[in-house]
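Heads up, the thing below is written out as structure tokens.
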Amino acid sequence: MIEPGGPAPGFRLQTSTGEYISLEDFHGKKNVVVYFYPKDFTKGCTAEACEFRDSYEEFKNLGAEVIGISNDNQKSHEAFATEHKLPFILLSDPDGSVRKSYGVKKTFGLVREE
């Protein structure tokens, strides 16, 4: 679990285009908004992603980059981003290790997995 005011755990994950991005790539350059979501194309996750899409210019104007992370693979992220015109970065965390390092539980409906 991250302590308030403490450093965010680092990561290096693959984007929908196959390149790798690390949190350190933004250090000293931009603020970063990282959000985790369970699955591409599900109703709730699509609504959340579209909210970030609709507010993306505001984040950019504040010097921030938005990064969405889920267990989905890069092809799923690419299709999801294309279909919903998502202008921000989606990263694949296939084993959930980054999600776990942030203390985020994997949640599907009312069933919660550790």
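One table, with the values for the structure above:
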read-out	value
Distant-in-sequence amide H partners of S16 (H built 1.01 Å from N, under 5 Å)	L90
Charge-dipole axis of segment 12-109 as Lys and Arg at +1 and Asp and Glu at -1 on Cβ define it, positive-most pick from T46, N71, G103	G103
Gaussian network model of the chain, springs between alpha carbon atoms under 10 Å - residue of G28, G68, G103 with greatest fluctuation	G28
Computed helical MRE - 222 nm, the chain, DSSP H runs ≥ 4 contributing -39500 (n - 2.57), nearest 500	-9500 deg cm²/dmol
Cα-Cα over 25 Å, subset of K29/K105; K85/K105; K43/K85	K29/K105; K85/K105
Antiparallel DSSP beta bridges within segment 12-109, as percent of all bridges there, nearest 5	35 percent
Whole-Hz ³J(HN,Hα) from phi, Karplus 6.51 cos²θ - 1.76 cosθ + 1.60, for segment 66-77, glycine and proline x	9, 10, x, 10, 8, 7, 4, 7, 5, 5, 5, 4
Quotient of Cα Rg and 2.2 N^0.38 Å for the chain, N being how many residues it contains	1.03
Paramagnetic reach from N73 in segment 36-50 [backbone N under 18 Å; point 7 Å along Cα→Cβ]	39-42
Charge dipole magnitude, Cβ of K and R +1, D and E -1 - segment 6-60, Cα centre, debye nearest 20	120 debye
Sequence-distant residues sharing a close amide H with V66 (under 5 Å, placed H)	V33, I89
Model label zone, K85; criterion: amide N under 19 Å from point 7 Å along Cα-to-beta-carbon; scope segment 32-54	41, 46-54
Choice from G44, G96, G63 showing the highest fluctuation, given a GNM over the chain with Cα pairs closer than 10 Å	G63
Point-to-point label distance, S97-T17, nm (Cα→Cβ direction, 7 Å offset)	2.5 nm
Segment 20-36 - phi-based ³J(HN,Hα) in whole Hz, Karplus 6.51/-1.76/1.60, Gly and Pro as x	9, 10, 10, 4, 5, 4, 9, 4, x, 10, 8, 6, 10, 9, 9, 10, 10
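Taken together, the values in this text are just the output of simple stated rules run on the coordinates, not laboratory data. This structure is a prediction, so every number in the text was calculated from the model and none was measured. Virtual Cβ from ideal backbone geometry, glycine too; neighbours counted across all protein chains shown.
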